[in-house]
Amino acid sequence: MMLQEVSAVATHPLANTAASWLWAIPVLPLLGFVINGVLSLVAAYHAGPSDPGAAHGSDEQGSAHSADAASSHQPDQVHAHAVVRHRYAAITSIVGPLVLVMSFGLAVAAFFAMRGAGTMEAPFIQNYFRWIPVGDLSIDAAFQLDQLSMVMTLVVTGVGMLIHVFSVGYMRDDPGYPRYFAYLNLFVFFMLVLVLGASYPLMFIGWEGVGLCSYLLIGFWFSEKANADAGKKAFIVNRIGDFGFLIAMFMMFSSLGVLDFVGVNAAVGKLPLGGLAVTAICLFLFLGCAGKSAQIPLYVWLPDAMAGPTPVSALIHAATMVTAGVYLVARSSALFSLAPVAGLTVVIVGALTAIVAATIGLKQWDIKKVLAYSTVSQLGYMFIGVGSGAYAAGVFHLVTHAFFKALLFLGSGSVIYAMHAAYHHTGNHEDAQDMRNMGGLKANLPVTFGLMWIATLAISGIPPFAGFFSKDEILGSVFARAHESTLASATWFGIPGSWILYLSYAFGLAAAFMTAIYMTRMMLYTFHGPNRTGEREREHLHEAPWVMTGPLVVLGVLSAVGGWLNLPSLLSALGPVGAMEHWLEPVVGHATLAVTGGHAAEMAHATEWTLIGGAVAIAVAGIVFAWARLKPASLVPARDAVPSKGFARVLENKYYVDEAYDAAIVRPTVGVSRLLLWRGVDSGLIDGLLVNGTAALARLMGWLGSQLQSGQVGTYAWVLVVGVLAVLGAFTLR
Amino acid sequence: MLAESLFFSAVLFAIGVVGVLTRRNAIIIFMCVELMLNAVNLTFVAFAQTYGVAGQVFVFFVMTVAAAEAAVGLAIIIALFRHRQTVNLQNINVLKG
Amino acid sequence: MPHGDLSPFYAFHFYLFGIIAVASAVLFVTRKSPVSAALWLVNTMFSLAALYVLLDAQFIGAIQVLVYAGAIMVVFLFVIMLLNLGDPSELSDARGLAWKLVAGGVGAAILAMIFAIVRTKVPETLRLPPGYAARQIATYGAIEPVAGPLFREYLLAFEITSVLLLAAIVGAVALARRRDADAG
């Protein structure tokens, strides 16, 4: 359990194995991007401009900013009834997913190589070229393969592969088919750069790149202004986080002098525990995480991001991009373990986010919005985990969450696909994503129904599904650390750390309760009870083709058995204990121990059983409560829905946070920009004074000159004499 | 005698300058210029007495050039008069920018 | 002519001709009629010729009369009469009072500066022994001291000047001839 040390590539155990193809793992999706991009451009060149939203309209029919809750009647969309596939759809259908399959294959091969190499203490680093040699700073373009990045790579390529296959079915009639796959491939490329990068700057490249692809994909159907706005919002809010990341990198360089992970881990030992520098670095890093991983206060982009195609939401906003923040904290475990105040900040923000997002999710009507807030809430859990020093637990939840959240999103994609098809047949223009228009779909979509229940149980934390193990691990870790750890000993704005941790534990439990409720509510309104879609549409509602349900099945299996990746010691009878924790030990083990005071966090078995029992009881109680209290039969279709009142309305309008931001930040900024910066500085100062002023000055000089050119000899004589006087004067007065 | 000569020369030169600035008739102005040249000639001759004959040689050249200049200048004025029927410089401002 | 240090005869005549020169110049500048002005200028030149003689530059004095007063001023008078500028209807006016005052100020300024500049000292080594010029003339005559250097050290300048004169003649003829296209 030593700190990672660099070993030369030549002597590294992975040097001559499949892992040497490390570079190909991101490059293959990049190749896919190029090919699909070229296809898209060539087709556009031949066909001319077209409305990207023609086939689907949008997944979000104009309700990206749902300031008004019941936005059921939309203005007429242009539904092009011609269902003509893209010219190059066939090629793209092969190239797009294939590169991901190959990438995943290489990742698996690398994984087995790592298994075969035994306990690998040092990371495997492939150095490609010197990227930034400047003064004292030298950053190389290098990929780093260690246990943590291996886990992330497998998740990204594995889940990504499934989602690519799903997209082949979901997006089949879209006029922007190759463009979609191009962006999706590009996203995977950047995400892999993010997780494989060997230094913070290279990771930042991936960080920014996934932000870019997120913008491109959210606003995929950009002919709807709401979608384009959502894309912009995501990018801009992300940028605020990126600023934090950059500041953290600058501070890191100034205090440590190095920016690559191996170097930072080595150098960080010189910093004192709880020092100002390391705390500041960690807080700024967390600002970046708050932006990318949608924590308070920068989570507002994620619900709006549901404007993009559903597979995009599954990949980017459930499984991969939003988890980049968690990965960053885990990667910087050496730094965070030295900054208890920062750790407490991460924990409390994560806990608050978890509970606040869960409350909002209780009252959302759009099926994707429910899942979006669920994602925000679950990300909060992950941060509770990594913030409290249980890095392996947080990463474990990241992995299981990827499974069941992707399943949930893709399942909802199936539902939406069916609803769209039904509406398409009858020319209906209602919202295909509003749960009030659904109901009783278990008869029409049985496979999806079963798989989504598996996912719901997983996310609620019901054993033996994956979510139970990971959520429990996190809550148990927080509880243990509340008792004894560097965090518990520290104070956060005067509050003792242990109180913060206990409070976060309580929030976590409350959020678990609410998670169970809103997920069950979602299932009830969508699949159970009577169908509210309409008589004519009902007969057209059927299951999606196997190209879409196949990946769902795979994810369903993973959600069911994923928990075995990291069994708690309590349940050693079920299988190998703590597999992932052991796996990640060379990377985060040292930092984990540093937080818990040098020895593994222990709890009495009785305490642990109590905690587990309590969590399960709460989850079950949530499901039962929702089942009993919520009556799907009493729902009406969205068009007939009455607006909610009171606190329900506040929840439905997500605590009016967007409106608050708009009033407090956006409007003043726009006002300052328009009045001060545009009219004042740009028009007035730069254009008026500097540019026009210079011209006026030149004109003035010219006028003065022209006055001298009067054509009068007398004037010229005067000028001559004045010149003589000047020259003589120079001599006289020398 | 050097200082007195220089004094007279300076005064004559200044008078020539005043004349150039004050008069409008082209020929008068030209004659003022000739006056200035003469003043300078006086300076040269005065210095020649003390510092060697080069001053007188220079005066020789000045006179020659003045003659040439007068010839050409007056030819110009005649040509100008033919065009404009006047030598009043106030009315001759074709070079006006 | 040989003279003692500032013999009264010499000094008196020097100042006399100096004052006449200045007075004539002032009168020249202030005459309205171009013909009168030209004649006063002739007078100035005569006085200057006298001063040259008094300064041991007899040859220069002679050619001053011959060339300046006798040739150049005559050409001026010819042109004045050719253009009929002496006609009472053609009398030129000087510019206004303001102009005159300012011009006067400028002239005074130039005067003052010249006086200041003249204070510069020339190295003593350049000075010739007193009376040197007079002795030269006594020995070699009035012309040779000037002509000698002219044809020896300053030969190039001499030749160029002759070319200059040629150019001037050609130019003057070209400028002043009537062109058939002109209305005249």
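The values are calculated or read from the model by the stated rules, or taken from the named source; none is laboratory data. Because the structure is predicted, anything quoted here is derived from the model rather than measured. Note that we place each Cβ from the backbone using ideal geometry, even for glycine, and neighbour counts take in every protein chain shown.
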Do we find that A:Arg115 is assigned to a strand (DSSP E or B) and free of Cβ contacts under 8 Å to residues at least 12 places away in the same chain in this structure?
no
Could you say which residue among B:Ala46, B:Ala39, B:Ala3 is at pLDDT 90 or above, more than 7 Å from chain C (Cβ to nearest Cβ) and assigned to a helix (DSSP H, G or I)?
B:Ala39
Could you list all residues from segment A:316-333 that are modelled with pLDDT of 90 or more and assigned to a helix (DSSP H, G or I)?
A:Ala324, A:Gly325, A:Val326, A:Tyr327, A:Leu328, A:Val329, A:Ala330, A:Arg331, A:Ser333
Only one of these is buried (at least 20 other Cβ atoms within 10 Å of the Cβ) and either in contact with a Gly (Cβ under 8 Å, 6 or more places away or on another chain) or within 30 Å of A:Ala267 (Cβ to Cβ) (or both): A:Glu581, A:Glu585. Name it.
A:Glu581
Answer yes or no as to whether A:Ala516 is surrounded by 18 or more Cβ atoms within 10 Å (Cβ to Cβ), under 25 Å from A:Pro311 (Cα atoms) and at pLDDT below 90.
no
In segment B:14-31, anything out of contact with any Phe, Trp or Tyr (no Cβ under 7 Å at 6 or more places or on another chain) and facing another protein chain (nearest Cβ under 7 Å) is listed as B:Ala14, B:Ile15, B:Val17, B:Val18, B:Gly19, B:Val20, B:Arg23, B:Arg24, B:Asn25, B:Ile28
Hits in segment B:74-97 - residues which are of a type in the set (Val, Ile, Thr) and away from chain A (no Cβ under 14 Å):
B:Ile78
The listed residue being in the same structural domain as C:Gln58 (by TED's automatic domain parsing), loosely packed, with under 14 Cβ neighbours inside 10 Å and of a type in the set (Gly, Ala, Ser), out of C:Ala108, C:Ala174:
C:Ala108
Where in segment A:498-604 are there helices (runs of 4 or more DSSP H), lying wholly inside it, with at least 3 residues that are aliphatic (A, V, I, L, M)?
A:546-561, A:590-595
Reported set for segment A:167-198 where residues are of a type outside the set (A, V, I, L, M) and within 20 Å of the chain's Cα centre (by Cα) is A:Ser167, A:Tyr180, A:Phe181, A:Tyr183, A:Asn185, A:Phe187, A:Phe189, A:Phe190, A:Gly197
Of all residues in segment A:136-173, which are aliphatic (A, V, I, L, M), outside any helix (DSSP H, G or I) and closer than 24 Å to A:Met252 by Cα?
A:Leu137, A:Ile139, A:Ala141, A:Ala142, A:Leu145
Scan A:Met548, A:Met603 and give me the residue that is surrounded by 18 or more Cβ atoms within 10 Å (Cβ to Cβ) and among the hydrophobic types (A, V, I, L, M, F, W, C).
A:Met548
Using the structure shown, decide if C:Ala38 is touching a residue at least 40 places away in the same chain (Cβ under 8 Å), within 7 Å of chain B (Cβ to nearest Cβ), in contact with a Phe, Trp or Tyr (Cβ under 8 Å, 6 or more places away or on another chain) and not acidic (Asp, Glu).
yes
Is there a residue in segment B:53-73 that is part of a helix (DSSP H, G or I), aliphatic (A, V, I, L, M) and within 14 Å of chain A (Cβ to nearest Cβ)?
no
Among the residues of segment A:131-178, the number that are among the aliphatic types (A, V, I, L, M) and in contact with a Phe, Trp or Tyr (Cβ under 8 Å, 6 or more places away or on another chain) is 13
Going by what's in this entry, would A:Phe189 be described as in a loop (DSSP other than H, G, I, E, B) and crowded, with 24+ Cβ neighbours inside 10 Å?
no
Only residues that are surrounded by 11 or more Cβ atoms within 10 Å (Cβ to Cβ), more than 8 Å from chain C (Cβ to nearest Cβ) and not aliphatic (A, V, I, L, M): list them for segment A:716-734, please.
A:Tyr716, A:Trp718
Tell me yes or no: at least one residue of segment C:149-166 is more than 9 Å from every other protein chain (Cβ to nearest Cβ) and of a type in the set (Lys, Arg).
yes
Across segment C:43-58, what is the number of residues that are more than 12 Å from the chain's Cα centre (by Cα) and more than 7 Å from every other protein chain (Cβ to nearest Cβ)?
3
Reported set for segment A:425-450 where residues are assigned to a helix (DSSP H, G or I) and either in contact with a His (Cβ under 7 Å, 6 or more places away or on another chain) or under 15 Å from A:Ile367 (Cβ atoms) (or both) is A:His425, A:Met435, A:Arg436, A:Asn437, A:Thr448, A:Phe449
For residues in segment C:108-131 being β-branched (Val, Ile, Thr) and more than 14 Å from chain A (Cβ to nearest Cβ), which is farthest from A:Val721 (Cα to Cα)?
C:Thr125
Qualifying position, being within 24 Å of A:Gly575 (Cβ to Cβ) and in contact with a helix residue (DSSP H, G or I) (Cβ under 6 Å, 6 or more places away or on another chain), among A:Ala516, A:Ala482, A:Ala466
A:Ala466
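Per-residue answers, yes or no, for (1) hydroxyl-bearing (Ser, Thr, Tyr); (2) surrounded by fewer than 17 Cβ atoms within 10 Å (Cβ to Cβ); (3) without any contact (Cβ under 8 Å) to a residue 24 or more places away in the chain; (4) not in a helix (DSSP H, G or I):
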residue: C:His13; (1), (2), (3), (4): no, yes, no, no
residue: C:Gly18; (1), (2), (3), (4): no, no, no, no
residue: C:Ser47; (1), (2), (3), (4): yes, no, no, no
residue: C:Tyr52; (1), (2), (3), (4): yes, no, yes, no
